[in-house]
Amino acid sequence: MQNCINKVLVFKKTFLVQGSTLGDTISSRDVSSSLTGGYLFVSKVRIVAYLIGIKQTSPTEKGYTPTLFPYQKKTPARKTSNSTKQEIQVIDANTHTSCPTGQLENKTSQRKKRLFQDITVANNQVGRPLDKKPFEPIIPQINNHDYINTETEKGNYWLIKEYLPEIKEKMNELDRLKKINESQAKQILSLENIKENPKRMLFWTGFSDYENFYALFQYFEPRATNMRYWKGDAGMPDTFSDRKKGPERKLSLIDEFFLTMVRLKVGLLVEDLAIRFSISVGLVSQIFSSWINLMYVDLKELCELPSKEVLNENQSHAMKDFEDVRVIIDCTEIFVQNPSKLDARKQVFSNYKHHNTFKFLIGVSPQMAITYVSRMYGGRASDKFITCDSVDLLHNLEVNKGSVMADRGFLISGILNDMGVKLHMPSFKGTERAQLKSSEAKTSEDISKVRIHVERAIQRVKTFHILDGEVKLSMKDLAEQIFTVCAYLVNFQTPILKK
């Protein structure tokens with residue numbers, strides 16, 4: 001290469017080299033021909049590639065040298081910002097044509113330094129930094145034309161001013177919808193909405209407060225966690241399946257318990273509960289049937305006949321004349337739909353109620369807690385038959401002894417005497433006497449006072465409105481469980497006898 005190049009015009013990204021025509025590559029011929037006066041428009045990277053001797057790998061490019069090794073395409077380096085490029089001064093070669101040799105060589109060396117400075121910048125752009133200094137981005141200068149920002153701000157101001165009424169209208173509509181949403185959330189029947197209100201808790205669940213409700217739920221929770229849901233006539237297998245588990249619960253356990261209590265206490269239909277709890281009718285039936293069976297088993301274990309020791313420690317004032325009584329028994333009935341079959345009608349028709357009924361025997365402790373509920377019988381069954389058929393009750397009385405209090409209709413004195421159990425019941429005047437003896441009248445009066453409290457306990461069972469009206473025959477399979485659960489739940493309400 002000659003010692004001096006006549007003229008090189010260098011810009012931010014391109015070179016204009018005197019002596020050739022427009023092209024994409026540059027060679028030694030192109031650089032040499034720059035003295036002829038023509039101009040070659042080439043890339044800065046191309047000049048750098050020529051000066052530092054980068055080997056051409058494409059056969060279509062000038063300067064390509066064949067090789068024995070196959071061509072491997074190099075991964076292009078990540079491009080950097082244009083702000084890293086430095087401007088190279090424009091060098092006019094005509095101003096140096098008349099310079100002395102020493103000055104010319106000095107200036108030539110300066111031009112070489114500037115040129116190598118450009119080479120360094122170019123290498124940084126192609127991903128080949130020559131130094132190990134950390135990269136420091138060059139922050140572009142901000143245009144100080146304030147009138148541009150002013151005009152933009154004015155445009156934004158008028159744009160906001162134009163849409164401001166619509167924005168205010170949308171915000172007001174949003175606030176209105178939020179208030180409606182909050183109001184409707186409070187209107188939805190949920191445990192969270194009523195647990196702080198004792199009156200609502202009593203109305204919807206039968207519990208005087210949330211603490212009692214939650215305490216009973218904690219008693220059921222361990223078994224309810226692993227509870228297998230009732231599936232109707234399909235039944236449930238005795239062994240667990242290894243197949244994939246079913247879908248997760250739509251309601252939490254405590255909400256399922258709350259749903260069951262609402263159905264028992266208020267007597268809402270499954271269709272109503274499905275809407276209130278946002279679940280399907282079938283799921284409501286499944287939840288209620290599963291929980292009522294669980295509660296039936298657990299409450300029977302919890303509410304059992306107390307022992308003599310417990311009775312003596314907690315003797316009530318109303319039973320001071322009957323300290324040996326362990327249980328007070330009586331029967332109650334609930335109405336049922338008229339069956340279509342004649343034999344079924346005979347079994348459920350009650351001569352006492354003159355209606356089709358289901359009949360139960362209830363046992364109440366001296367503290368007026370319901371401690372025994374028999375199986376379900378048709379209304380035709382007598383009090384004596386039901387008592388004699390309640391083998392578990394009779395077995396408990398025989399083992400623990402004590403006495404029983406009952407009404408005149410319970411003709412079971414002979415059976416109890418054979419077991420060594422005493423029976424307290426009002427005296428019969430009979431046909432042979434005109435009136436009772438004074439002692440018999442006093443005893444009958446005392447028994448009647450105690451039985452008033454028993455009637456109150458039984459009446460509380462009827463406050464669960466699921467027992468209102470006639471029990472549907474479709475619910476006959478759950479009627480016994482429903483009545484038994486309602487009876488035992490009375491024990492979690494306010495005491496019948498005040499201390």
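Which ranges mark the helices (runs of 4 or more DSSP H) fully within the range 273-351 that have 2 or more residues being not assigned by TED's automatic domain parsing to the domain that holds Lys449 and not aliphatic (A, V, I, L, M)?
Working: elements: 281-302, 308-313, 342-348.
Here the list reads 281-302.
Pick from the range 303-319 the residues that are surrounded by 14 or more Cβ atoms within 10 Å (Cβ to Cβ) and either hydrophobic (A, V, I, L, M, F, W, C) or without any contact (Cβ under 8 Å) to a residue 24 or more places away in the chain (or both): which of them is farthest from Val399 (Cα to Cα)?
Ala318
Just checking, how many residues over the range 391-408 are within 13 Å of Pro306 (Cα to Cα) and free of Cβ contacts under 8 Å to residues at least 12 places away in the same chain?
1
Look at the range 484-499 and say how many of its residues are assigned to a helix (DSSP H, G or I) and either under 31 Å from the mean Cα position of the chain (by Cα) or without any contact (Cβ under 8 Å) to a residue 40 or more places away in the chain (or both).
Quick first cut of the range 484-499, residues assigned to a helix (DSSP H, G or I) only: 484-492.
Imposing the further condition that a residue be either under 31 Å from the mean Cα position of the chain (by Cα) or without any contact (Cβ under 8 Å) to a residue 40 or more places away in the chain (or both) reduces the set to 485-486, 489, 492.
Final tally of qualifying residues: 4.
In the range 404-416, is there at least one residue being outside any helix (DSSP H, G or I), surrounded by fewer than 19 Cβ atoms within 10 Å (Cβ to Cβ) and within 54 Å of the chain's Cα centre (by Cα)?
As a first pass, look at the range 404-416 and keep what is outside any helix (DSSP H, G or I): 404-412.
Now narrow it down to the ones that are surrounded by fewer than 19 Cβ atoms within 10 Å (Cβ to Cβ): 407-409, 411.
With within 54 Å of the chain's Cα centre (by Cα) added as a condition, the list becomes 407.
The answer is yes; a qualifying residue exists.
Since Glu445 meets every condition but one in (1) part of a helix (DSSP H, G or I); (2) crowded, with 16+ Cβ neighbours inside 10 Å, which condition does it not meet?
Glu445 satisfies every listed condition except (2).
Go through (1) modelled with pLDDT under 85; (2) closer than 30 Å to Gln493 by Cβ; (3) surrounded by 11 or more Cβ atoms within 10 Å (Cβ to Cβ) for Leu191 and report which single condition fails.
Of (1) modelled with pLDDT under 85; (2) closer than 30 Å to Gln493 by Cβ; (3) surrounded by 11 or more Cβ atoms within 10 Å (Cβ to Cβ), only one is false for Leu191: (1).
Tell me, yes or no, whether the range 181-188 has at least one residue that is of a type in the set (Gly, Ala, Ser), on the phi > 0 side of the Ramachandran plot and over 20 Å from the mean Cα position of the chain (by Cα). Talk me through it step by step, then tell me what you get.
Residues of the range 181-188 that are of a type in the set (Gly, Ala, Ser), as a first pass: 183, 185.
Cutting the leftovers down to on the phi > 0 side of the Ramachandran plot gives us none.
Within the range 181-188, not a single residue is of a type in the set (Gly, Ala, Ser), on the phi > 0 side of the Ramachandran plot and over 20 Å from the mean Cα position of the chain (by Cα).
Within the bounds of the range 326-335, is there any residue that is charged (D, E, K, R), buried (at least 18 other Cβ atoms within 10 Å of the Cβ), in contact with a strand residue (DSSP E or B) (Cβ under 9 Å, 6 or more places away or on another chain) and in contact (Cβ under 8 Å) with a residue 60 or more places away in the chain?
Looking for residues that are charged (D, E, K, R), buried (at least 18 other Cβ atoms within 10 Å of the Cβ), in contact with a strand residue (DSSP E or B) (Cβ under 9 Å, 6 or more places away or on another chain) and in contact (Cβ under 8 Å) with a residue 60 or more places away in the chain, one finds at least one in the range 326-335, hence yes.
Search the range 343-384 for residues being more than 43 Å from the chain's Cα centre (by Cα) and basic (Lys, Arg), and hand back the single one that is nearest to Gln459 (Cα to Cα).
Only one residue tops the list, namely Lys353.
Mind checking whether some residue in the range 284-303 is farther than 28 Å from Lys231 by Cβ and of a type in the set (Asp, Glu)?
no
Test of understanding: among Val348, Val364, which residue is crowded, with 17+ Cβ neighbours inside 10 Å, touching a residue at least 60 places away in the same chain (Cβ under 8 Å) and among the aliphatic types (A, V, I, L, M)? Walk me through it before giving the result.
Numbers: Val348 fails: touching a residue at least 60 places away in the same chain (Cβ under 8 Å).
After applying the criteria, what remains is Val364.
Which of the residues that make up the range 352-386 are in contact with a Phe, Trp or Tyr (Cβ under 6 Å, 6 or more places away or on another chain), outside any strand (DSSP E or B) and closer than 20 Å to Met419 by Cα?
Hits for the range 352-386 are Ser374, Asp383, Ile386.
Could you look through the range 417-442, keep only residues that are of a type in the set (A, V, I, L, M, F, W, C), in a loop (DSSP other than H, G, I, E, B) and touching a Lys or Arg at 6+ places or on another chain (Cβ under 9 Å), and pick out the one that is surrounded by the fewest Cβ atoms within 10 Å (Cβ to Cβ)?
To start, the set of residues in the range 417-442 that are of a type in the set (A, V, I, L, M, F, W, C) comprises 419, 421, 423, 425, 428, 434, 436, 441.
Checking the rest, the ones that are also in a loop (DSSP other than H, G, I, E, B) come to 421, 425, 428, 434, 436.
Those left that are additionally touching a Lys or Arg at 6+ places or on another chain (Cβ under 9 Å): 421, 425, 428, 436.
On the way: Val421: 19, Met425: 19, Phe428: 11, Leu436: 16.
Once the filter is applied, the top-ranked residue is Phe428.
The values are calculated or read from the model by the stated rules, or taken from the named source; none is laboratory data. Because the structure is a prediction, the values reported are computed rather than measured. Here Cβ is always computed from backbone atoms with ideal geometry, including for glycine, and neighbour counts include all displayed protein chains.
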